[in-house]
Amino acid sequence: MRVSNMFIPTLREVPAEAEIASHKLMLRAGLMRKLASGIYSFLPMGYRVFRKVEQIVREEMDRAGAQELIMSALLPAEAYQASGRWEVFGAEMFRLKDRGGREFCLGPTHEEIFTETVKNETRSYRSLPLTLYQIQTKYRDERRPRFGVMRSREFVMKDAYSFDRDEANLDISYKKMYEAYCKIFDRCGLDYIVVDADTGAMGGSGSQEFMVKSSIGESGIAYCNACGYAANDEKAECIPENCCCGQKEACCEQLEYEKVATPNARTIEELMEFFKCDAKEFAKTLIYKADDKIVAVMVRGDRELNETKLQNTLGCIELEMADAETVKKVTGADVGFAGPVGINVDTIVDLEVAGMKNFVTGANETGFHYKNINIDRDFKATKVADIRTICEGDKCPKCGAPVKVELGIEVGHIFKLGTKYTQALNCIYLDENGKENPMVMGCYGIGINRTMAAIIEQNNDDNGIIWPMSVAPYHVIVVPVNTGDELQMELAQKIYSELMEAGVEVLLDDRNERPGVKFKDADLIGIPVRITVGKKAAEGIVEYKLRSKSEFSDMSVEEAISSAKSEVGK
Ligand SMILES: [Zn+2]
């Protein structure tokens with residue numbers, strides 16, 4: 001392709017709305033443009049990459065024996081009502097009605113629809129195992145779309161569903177998908193880690209996520225170098241720290257509690273200053289709205305509440321922090337003074353808080369805290385559960401060694417669903433004896449847009465994107481320094497044609513621009529190989545450079561062509 005004819009609207013300025021490298025670079029390199037919050041169009045250069053990622057996914061799914069089909073994004077409500085997810089998805093589901101008033105949604109994921117399809121067409125054990133997949137657009141009305149296509153409201157997902165006779169066969173189908181996923185992310189040039197994941201709203205017996213380590217990731221990954229344990233922080237089990245005296249059993253003597261005036265202290269930092277003690281000696285009380293119910297939730301002063309764990313503990317669909325008005329109504333005090341003593345709502349207490357003695361809490365009175373509070377004596381927990389987020393240095397739940405915590409981007413998710421959907425939707429098969437059994441299901445997702453963004457997150461520098469060859473929009477760019485120089489143009493044209501003939505995807509930057517502008521664009525877009533035709537064209541010498549390396553070298557035209565071909569693998 002000749003660059004002069006192409007639609008590649010690159011930007012010199014960093015768009016203000018973009019916070020992370022991939023989002024900035026996808027806009028700057030002209031890969032995509034925003035239509036509305038969380039909704040993007042892919043432009044030609046971006047769509048080429050998109051299709052390459054998609055094709056890698058397709059090839060590996062096919063190789064693993066999965067069969068591709070495609071379903072509508074516009075889905076009737078009934079199947080989701082039958083599975084219960086019409087409610088579970090809450091505000092995240094885009095819903096609409098047709099002219100006759102019939103309810104539909106824009107599919108957030110397709111478990112129900114695949115189950116219905118298989119149920120209506122498959123009756124015998126002879127048809128199993130069966131794995132079907134599609135690469136299709138999904139819709140979720142995210143509360144906070146951000147980071148470009150990393151968390152968008154419309155996205156393309158490869159979703160696969162396996163149907164088996166029993167759990168043992170599901171294990172086999174699951175393992176095939178696991179292996180296919182490893183190949184996919186290897187081919188995409190990603191550095192990833194596989195972690196145990198929460199099964200959450202989807203139900204099911206086991207689940208793993210493929211996470212790309214990245215400082216901008218939205219999920220924490222806890223992993224242990226001693227035993228290999230790895231889990232996302234929604235799943236990672238927290239081992240409570242010992243009581244403040246260092247003993248395993250809570251042993252300190254319970255002291256009399258007292259109310260203390262703390263007029264200007266409401267945050268943990270202010271309270272630490274006021275009481276001259278460590279954050280570990282406080283228990284925070286947070287007020288949450290879980291569906292329509294208000295609850296109080298307690299974690300140690302230095303800990304972070306894990307909303308997913310809390311949601312699973314409560315079994316609620318919607319969960320959000322209560323507003324100041326509700327806090328005042330429930331506690332009788334301003335925000336910052338909530339506590340468990342005398343509060344009139346269910347109190348969910350973190351496992352670690354349950355082992356603490358003589359701690360500080362809010363007094364449910366503006367300007368006051370209690371010290372020396374003890375659970376059971378001074379208040380009762382409605383429920384004690386592990387509801388905090390694991391921290392770096394916490395004990396590994398498997399071996400006890402200190403865990404590491406890093407952030408990651410989830411690019412793939414595999415899931416043993418079991419019979420949750422097949423039972424709800426009556427998807428059964430007849431075994432050899434004519435007996436009816438529910439099929440046992442697995443589901444397997446890969447976010448295509450997100451994988452593309454993750455590749456950029458791991459492969460960029462100050463000048464732009466550094467695409468791995470496998471997904472680069474074009475393999476090689478040929479840059480004549482002076483388009484007015486006939487000799488340079490002739491040689492550039494010759495290289496361009498020869499490479500194209502060899503099956504290399506090649507660009508010819510024939511724009512009448514300064515070489516600096518052309519080099520900047522080539523680096524920004526991230527084309528892996530650049531061949532520059534300049535002053536030495538008369539001697540048949542060109543400059544050869546890889547995007548991933550800073551050095552370049554002079555080569556004969558023949559040598560440059562054969563180096564480029566071998567780099568591309570042609
Ligand atoms: Zn361990």
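What the table below lists for this structure:
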quantity: Candidate residues Cys252, Cys188: accessible-area rank, largest first, probe 1.4 Å; calculated: Cys252, Cys188
quantity: Loop GluC sites (Glu not before Pro), the range 524-570 (other Cβ atoms within 10 Å of the site Cβ: 11 or fewer; DSSP); calculated: Glu551
quantity: Euclidean distance between Cα centres, the range 1-65 to the range 394-454, Å; calculated: 29 Å
quantity: Sequence of Ile456, Ile172, Ile541 from largest to smallest accessible area, 1.4 Å probe; calculated: Ile172, Ile541, Ile456
quantity: Sequence of Cys396, Cys277 when ordered by accessible area, the most exposed leading, probe 1.4 angstrom; calculated: Cys277, Cys396
quantity: Other-chain or far-sequence residues with amide H under 5 Å of Ser207's (modelled H); calculated: Ala197, Lys416
quantity: Calculated FRET efficiency for the pair Arg165/Asn374, C-beta based, R₀ 60 Å, to 0.05; calculated: 0.65
quantity: Charge dipole magnitude, Cβ of K and R +1, D and E -1 - the range 474-568, Cα centre, debye nearest 20; calculated: 340 debye
quantity: Unit charges on C-beta of K, R, D, E only; dipole of the chain, Debye; calculated: 760 debye
quantity: Convex hull volume of the range 430-500 per residue (C-alpha atoms, cubic angstrom); calculated: 171 Å³
quantity: J(HN,Hα) series, the range 348-365, from Karplus relation 6.51 cos²θ - 1.76 cosθ + 1.60, nearest Hz, glycine and proline x; calculated: 9, 10, 5, 3, 5, 5, 4, x, 8, 10, 6, 9, 9, 9, x, 10, 6, 8
quantity: Cβ crowding within 10 Å averaged over residues, with 157-169, 217-229 ranked highest first; calculated: 157-169, 217-229
quantity: Residue-normalised accessible area of the chain, expressed per residue, 1.4 Å probe, Å²; calculated: 45 Å²
quantity: Over the chain: helical MRE at 222 nm, DSSP H runs n ≥ 4 each giving -39500 (n - 2.57), nearest 500; calculated: -8000 deg cm²/dmol
quantity: Principal axis box of the range 86-214, alpha-carbon based, largest edge first, Å; calculated: 45, 44, 24
quantity: Convex hull volume per residue in cubic angstrom - Cα atoms of the chain; calculated: 202 Å³
quantity: The range 243-336: GluC sites (Glu not before Pro) falling in loop per DSSP and having at most 15 other Cβ within 10 Å; calculated: Glu249, Glu253, Glu256, Glu304, Glu318
quantity: Computed magnitude of the charge dipole of the range 249-385 (debye, nearest 20; Cβ of K, R +1, Cβ of D, E -1); calculated: 220 debye
quantity: Cα gyration tensor shape for the range 249-385, rounded if a/c is under 1.5, else prolate or oblate; calculated: oblate
quantity: Accessible carbon and sulfur surface of the range 474-568 relative to its total accessible area, %, 1.4 Å; calculated: 48 percent
quantity: HN-Hα J in Hz across the range 48-53 - Karplus 6.51, -1.76, 1.60, θ = phi - 60°, x for Gly and Pro; calculated: 4, 5, 3, 5, 5, 4
quantity: Longest to shortest principal axis, alpha-carbon extents of the range 437-570, angstrom; calculated: 76, 31, 25
quantity: Computed accessible area, Lys520, all protein chains, 1.4 angstrom probe, square angstrom; calculated: 120 Å²
quantity: Rounded to the nearest 10 Å², the accessible area of Met489 at probe 1.4 Å; calculated: 40 Å²
quantity: Helix 486-501 vs. the chain, principal-axis angle (Cα, 0 to 90°, nearest 10); calculated: 60 degrees
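The values are calculated or read from the model by the stated rules, or taken from the named source; none is laboratory data. If you're wondering where the values come from, they're calculated on a predicted model, not measured in any experiment. Cβ sites come from the backbone with ideal geometry, for glycine too, and all protein chains shown count toward neighbours. Ligands, DNA and RNA are stripped out before the accessible areas are found, and what is left, the full protein with its side chains, is counted by its heavy atoms. Shrake-Rupley method; radii C 1.70, N 1.55, O 1.52, S 1.80 Å.
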